[in-house]
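Notes to accompany the following structure.
The values are calculated or read from the model by the stated rules, or taken from the named source; none is laboratory data. Since the model is a prediction, treat every value here as computed from it, not as a measurement. Positions of Cβ are backbone-derived with ideal geometry, glycine not excepted, and every protein chain shown enters the neighbour counts.
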Amino acid sequence: MNMLAQINESTLQEYFPPARHTNINSFTNVLIPILLTGAGIILLIMLFRGAFQIITAGGDAEAIQSGQRLFRYAILGFVVVLLSFIVVKLLGFILNVEVFI
């Protein structure tokens, strides 16, 4: 059994798994796919909610416009997320840093 003073950089990952992210590159390689998946799930939920709102509007013009607005904002938000992903990839290419895939 290693004592605290005997733990060095190579054995730290064994005792403390988050320590395997030793630089920002390895951290972003884990974080970016999680965030993109979450954004896709939120997009689907918002699209379903907007569709449900339009279907159940019953001819109410204000409810239909609200559902359409929800569609618009959901797609706009997802486009912003995708553009931020592209910017990160572009910066990784310019700075010669390997970023996700």
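For the reader, a short list of remarks on this structure follows.
- Selection status of Ala51, of a type outside the set (D, E, K, R) and in contact with a Ser or Thr (Cβ under 8 Å, 6 or more places away or on another chain): no
- Any hit, segment 38-58, residues being of a type in the set (S, T, N, Q), modelled with pLDDT under 90 and more than 20 Å from the chain's Cα centre (by Cα): no
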